[in-house]
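*Asks:* Take this structure, written in structure tokens, and hold onto it; I'll ask about it next.
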């Protein structure tokens, strides 16, 4: 039987995003992908091999969305929209409010070295994406020129992680919007001199 690679990765992404690496057993993977164990092992070598591809796909998609934010006419407005899209949505997709990478960080000790390396590299890739957004905001006059690019990017990434944890617990999108607005206001404020 021939399987569509992108479809398999999308289904596996949903499974790992909902359940995490550890809780997603081989039976769950077989059922989600509609594949027999032999086909899964032949194609991905292991559960970790499949998970690595899922993380790479997730990070690539996230990095592309961050690139679109940085390239927008108003990166700050695009950043608000990026946050809003990631942090709100229907209840049946509430699991998507949490970052798959951050969820994976909680399981670093059990996901295996190859997947662990992929998760950590992916977090660095996204940090670069946030830095490009900060640089674009400075270039377009949306942030002060003296904004410390690397520090602001790290802060913004950490805020996003925190916002995702906040959003998963919220039923009120208005509260989420208020926190997004506060985050973007804080981004524009003065940075401590080191």
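The values are calculated or read from the model by the stated rules, or taken from the named source; none is laboratory data. Nothing here was measured: the structure is a model prediction, and the numbers come from that model. Glycine gets a Cβ as well: all are built from the backbone with ideal geometry, and neighbour counts include every protein chain shown.
*Asks:* Which count do you get for residues in the range 102-146 that are under 18 Å from the mean Cα position of the chain (by Cα) and within 19 Å of residue 46 (Cα to Cα)?
*Replies:* Number satisfying all stated conditions: 9.
*Asks:* Report whether or not residue 182 is farther than 19 Å from residue 85 by Cα and either loosely packed, with under 13 Cβ neighbours inside 10 Å or more than 21 Å from the chain's Cα centre (by Cα) (or both).
*Replies:* So residue 182 fails the test.
*Asks:* Scan the helices (runs of 4 or more DSSP H) fully inside the range 48-140 and keep the ones with 2 or more residues being farther than 22 Å from residue 13 by Cβ and touching a residue at least 12 places away in the same chain (Cβ under 8 Å).
*Replies:* 75-87, 113-139
*Asks:* Can you pull out the residues in the range 149-165 that are loosely packed, with under 15 Cβ neighbours inside 10 Å and in contact (Cβ under 8 Å) with a residue 40 or more places away in the chain?
*Replies:* If the condition is that a residue be loosely packed, with under 15 Cβ neighbours inside 10 Å and in contact (Cβ under 8 Å) with a residue 40 or more places away in the chain, then 151, 165 are the ones that fit.
*Asks:* Here is a list: 45, 60. Which entry is at pLDDT 90 or above, more than 25 Å from residue 142 (Cα to Cα) and either touching a strand residue (DSSP E or B) at 6+ places or on another chain (Cβ under 6 Å) or surrounded by fewer than 16 Cβ atoms within 10 Å (Cβ to Cβ) (or both)?
*Replies:* 60
*Asks:* Would you mind finding the one in 152, 167 that is touching a helix residue (DSSP H, G or I) at 6+ places or on another chain (Cβ under 7 Å), part of a helix (DSSP H, G or I) and modelled with pLDDT under 90?
*Replies:* 167
*Asks:* Residue check: is residue 188 surrounded by 12 or more Cβ atoms within 10 Å (Cβ to Cβ), within 16 Å of residue 66 (Cα to Cα) and touching a residue at least 24 places away in the same chain (Cβ under 8 Å)?
*Replies:* So residue 188 fails the test.
*Asks:* Of everything in the range 131-143, what is over 17 Å from residue 62 (Cα atoms) and either surrounded by 13 or more Cβ atoms within 10 Å (Cβ to Cβ) or modelled with pLDDT under 95 (or both)? Give them in sequence order.
*Replies:* Matches in the range 131-143: 135, 136, 137, 138, 140, 142, 143.
*Asks:* Same structure, new question: Free of Cβ contacts under 8 Å to residues at least 60 places away in the same chain, under 25 Å from the mean Cα position of the chain (by Cα) and either more than 15 Å from residue 114 (Cβ to Cβ) or surrounded by 12 or more Cβ atoms within 10 Å (Cβ to Cβ) (or both), is that true of residue 32?
*Replies:* In short, yes.
*Asks:* Of the conditions (1) farther than 30 Å from residue 193 by Cα; (2) in contact with a helix residue (DSSP H, G or I) (Cβ under 9 Å, 6 or more places away or on another chain); (3) exposed (fewer than 14 other Cβ atoms within 10 Å of the Cβ), residue 71 satisfies every one except a single condition; which number is it?
*Replies:* (1)
*Asks:* Of the conditions (1) surrounded by 16 or more Cβ atoms within 10 Å (Cβ to Cβ); (2) modelled with pLDDT of 85 or more, residue 27 fails just one. Which one is it?
*Replies:* (1)
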